[in-house]
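Below is one structure, written out as structure tokens; the observations come after it.
Throughout, read-outs are computed from the coordinates displayed, never taken from laboratory work. Quick caveat: nothing in here was measured; it's all calculated off a predicted structure. Positions of Cβ are generated from backbone atoms using ideal geometry, with glycine treated the same way; all protein chains shown enter the neighbour counts.
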Amino acid sequence: MIGFFFISMGVVAFVISAIGLLRMPDVYTRMHVGAKSPTVGTLLVIIGVIFIEPAWTLKLILLAAFVLLTNPLSSSVIARASHKSGMRLEDDECIDALDISKGEKR
Amino acid sequence: MFEAVMMVLLFSMFLILIRFLKGPTLSDRVVAFDALSVISVSFLVILALYFERSIYLDVALVFGVIGFLGTTIFGRFIEKGI
């Protein structure tokens, strides 16, 4: 029963991520929504499956460690690439620390 | 009960697929693809629980590796071109 609770929380995180991907105005905010909450959802689903089926713990922990290692890395790669290819933020007032054309050099 | 969970997962995959088809730039599509591959990994985990077969966990691990490689290669393609 506690396993179903964790799986339901993970699926709720997925639905929140999908709605945010539809409604966010910008590439970077979409990246924020599309990279963090699927990671949390996957970890919650894997914890729930561990509670339901304890014989698969080793493979599931391997899968969770893999997702936790690679997902922030891939989102960082996309953010850096899209900033270098000239994509700008939607809100012009906010601070862009990577932008060397607008401010002073760091 | 697993059926309801899988229906909600398919619904969220459908919403992300709308962003994948509609996204104005390439970066939006790559972000949607990344989220879609992560959601597919957890869908395969729930499918392993539904069919009571642990072979689907290996499929999920390989799918995660392929999705990560695809996202990284698309990032390099956005940054430098082919």
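Given all pairs of different Cα atoms, what value in angstroms does the Kirkwood hydrodynamic radius of the protein assembly as shown take?
Roughly 17.1 Å, rounded to one decimal.
Which order results if A:Met1, A:Met9 are arranged by neighbouring Cβ count within 10 Å, fewest first?
Least to most surrounded, the residues fall as A:Met1, A:Met9.
Under the classification rounded if a/c is under 1.5, otherwise prolate if a/b is larger than b/c and oblate if not, where does segment A:2-83 fall, given a ≥ b ≥ c as square roots of the Cα gyration tensor eigenvalues?
oblate
Charges on Cβ only, +1 for Lys and Arg, -1 for Asp and Glu, centred on the Cα centroid of chain B; of B:Gly67, B:Leu9, B:Ala48, which one is farthest towards the dipole's positive end?
Result: B:Gly67.
Are there any trypsin sites (Lys or Arg not before Pro) in segment B:5-82 that are in a DSSP loop and have at most 11 other Cβ atoms within 10 Å? List them by number.
Passing both the DSSP loop test and the Cβ count: B:Arg53.
What percentages make up the Cα-Cα pair-distance distribution of chain B when the bins are 10 Å wide from 0?
In whole percents, the pair-distance histogram is 18, 40, 30, 10, 1.
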